[in-house]
Amino acid sequence: MATGRRTLAVRAGCVAGVIVVAVAAGFTAPAAEAHAGAGAAAQPIAGRPATRCVVADQRLGQISGLVERPGGFSVVNDTGPVIWRLDHSCRVTRRTVLKPPAAHDPAAAPLGGKRFDTEDLALDGSGAFWIADIGGNTTRRTAVSLFRWRVGTPATAVTRYDLRYPDGPHDAEALLLSRSGRVAIVTKTIEAPGVYVADAPLRPSGTLRLAGRLHVRRWCPSCRYRSRLVTGGAVSPDGKRVVLRTYDRAFEWDAPTGDVLRAMVSETPRQIVLPESRQGEAIAYTHNADTLLTATERIPAPIAAVPLRR
């Protein structure tokens, strides 16, 4: 979603930038407020970005979620649960309009504005898609929805999970999905975004819990407004790395043991400047986690690759 509609949320004189980092594998830590260490990684950690291809289809002017697939990519706009299959040249090869069931929790249906506000896309270990209907900049949503669908099944074969916030409405654009299938949602706000975790097993209607917060001021004191708003996230296919993106940079952590929360609480993230884009909202790992892929709203929309140095 466009930043212009959110600028009123920034308080005049705000100098303490914050960004929340989410849990990946496990999501087992108790609710807590975690603080990042001082300073940022100084060593070069990313190679020269390259453009994989450029999306020119006018129907894809609001890409908010991205995953790599054999032979290309899959993306979702922020306008609804529609999965677009792209080849390696960014040409649309398939469009699947999903038909999720009605909301289990009435609070999950946005009031006014758009019917859906789908803001991120992920794949689980079985290859099923998860679409995050979690946006909230145009309406006050006290609950959000996740849609799970497997390729090859009918468009009506969608499992829906409605998750209610414990502390009122939020805007969010980042979904993190662990290898074990646990989910976390990262809110999008300049003031201490929260990491909200759904307890397993997921039920058709449930409640999120606040798992913690991280503050970026100590390790990114020069971050601008656009650098602090979380617009997307991803967990690596092996579950041992997690990344959040803003409009112009990414923050990545390692978790060799799979305890991503502990890594993020105790470690300073790597900061990666992302390729320039009009409105970057999507990020994904490649299958071997050696490259970050990014995409943006508005056409033309390049899908860029940022090689990572391990």
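Residue by residue through region 38-84, note down the ones that are modelled with pLDDT under 95, exposed (fewer than 15 other Cβ atoms within 10 Å of the Cβ) and polar (S, T, N, Q).
Q43
Looking only at residues in region 175-193 that are of a type in the set (A, V, I, L, M, F, W, C) and farther than 22 Å from S126 by Cβ, which one is modelled with the highest pLDDT?
Per the stated criteria, the residue is V186.
Can you pull out every residue in region 162-183 that is in contact with a helix residue (DSSP H, G or I) (Cβ under 9 Å, 6 or more places away or on another chain) and closer than 18 Å to G258 by Cα?
If the condition is that a residue be in contact with a helix residue (DSSP H, G or I) (Cβ under 9 Å, 6 or more places away or on another chain) and closer than 18 Å to G258 by Cα, then L176, S178 are the ones that fit.
Take residues that are β-branched (V, I, T) and surrounded by 22 or more Cβ atoms within 10 Å (Cβ to Cβ) and tell me which of the strands (runs of 3 or more DSSP E) falling wholly in region 85-192 contain 3 or more.
183-187
Yes/no matrix, rows are residues, columns are (1) within 20 Å of L229 (Cα to Cα); (2) of a type in the set (A, V, I, L, M):
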{"position": "R140", "(1), (2)": "yes, no"}
{"position": "R164", "(1), (2)": "no, no"}
{"position": "R179", "(1), (2)": "no, no"}
{"position": "D199", "(1), (2)": "no, no"}
{"position": "L208", "(1), (2)": "no, yes"}
{"position": "A211", "(1), (2)": "yes, yes"}
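Can you confirm whether R91 is of a type in the set (D, E, K, R) and closer than 23 Å to A50 by Cα?
Answer is yes for this residue.
In region 188-204, is there at least one residue being out of contact with any helix residue (DSSP H, G or I) (no Cβ under 7 Å at 6 or more places or on another chain) and among the polar types (S, T, N, Q)? Spell out the reasoning first.
Taking region 188-204 and keeping what is out of contact with any helix residue (DSSP H, G or I) (no Cβ under 7 Å at 6 or more places or on another chain), we get 188, 191-204.
Still in the list and also among the polar types (S, T, N, Q): none.
There is no residue in region 188-204 that is out of contact with any helix residue (DSSP H, G or I) (no Cβ under 7 Å at 6 or more places or on another chain) and among the polar types (S, T, N, Q).
Suppose the filter is at pLDDT 95 or above and either part of a loop (DSSP other than H, G, I, E, B) or under 16 Å from the mean Cα position of the chain (by Cα) (or both); does R218 pass it? Please lay out each step first, then the result.
Details: at pLDDT 95 or above: no; either part of a loop (DSSP other than H, G, I, E, B) or under 16 Å from the mean Cα position of the chain (by Cα) (or both): yes.
Answer is no for this residue.
Kindly list, by first and then second residue, each pair from a residue in region 165-187 that is under 14 Å from P237 (Cα atoms) to a residue that is of a type in the set (D, E, K, R) and assigned to a loop (DSSP other than H, G, I, E, B), limited to pairs with Cβ atoms under 8 Å and residues at least 6 apart or on different chains.
L177/D124; R179/D238; G181/D124
Working only within region 287-310, note down all residues that are outside any strand (DSSP E or B), over 24 Å from Q62 (Cβ atoms) and not basic (K, R).
From region 287-310, those outside any strand (DSSP E or B) are 287-290, 298-300, 309-310; that's our starting set.
Now restrict to residues that are over 24 Å from Q62 (Cβ atoms): 287-290, 309-310.
Listed by number, the residues that qualify are H287, N288, A289, D290.
If C220 meets every condition in (1) touching a strand residue (DSSP E or B) at 6+ places or on another chain (Cβ under 8 Å); (2) more than 26 Å from G47 (Cα to Cα); (3) touching a residue at least 40 places away in the same chain (Cβ under 8 Å) apart from one, which number is that one?
Going through (1) touching a strand residue (DSSP E or B) at 6+ places or on another chain (Cβ under 8 Å); (2) more than 26 Å from G47 (Cα to Cα); (3) touching a residue at least 40 places away in the same chain (Cβ under 8 Å) one by one, C220 breaks only (2).
Output the number of residues of region 72-85 satisfying the condition of being in contact with a Leu (Cβ under 9 Å, 6 or more places away or on another chain) and either of a type in the set (V, I, T) or without any contact (Cβ under 8 Å) to a residue 60 or more places away in the chain (or both).
9
Only one of these is more than 24 Å from Q62 (Cα to Cα) and in contact with a Leu (Cβ under 8 Å, 6 or more places away or on another chain): A198, A157, A184, A234. Name it.
Every option except A198 fails the conditions.
Considering region 198-254 alone, what residues qualify as being surrounded by fewer than 18 Cβ atoms within 10 Å (Cβ to Cβ) and closer than 16 Å to V273 by Cα?
Result: P221, S222, R224, Y225, R226, D248.
In region 54-84, what count of residues is obtained for those that are polar (S, T, N, Q) and in a loop (DSSP other than H, G, I, E, B)?
Of the residues in region 54-84, 1 are polar (S, T, N, Q) and in a loop (DSSP other than H, G, I, E, B).
Residues being over 20 Å from G125 (Cα atoms) and either touching a residue at least 40 places away in the same chain (Cβ under 8 Å) or among the aliphatic types (A, V, I, L, M) (or both): count how many of those fall in region 194-217.
So the count comes out to 16.
The values are calculated or read from the model by the stated rules, or taken from the named source; none is laboratory data. Remember, predicted model here, so these are calculated numbers, not experimental data. No Cβ is skipped: glycine too gets one built from the backbone with ideal geometry, and neighbour counts run over all protein chains shown.
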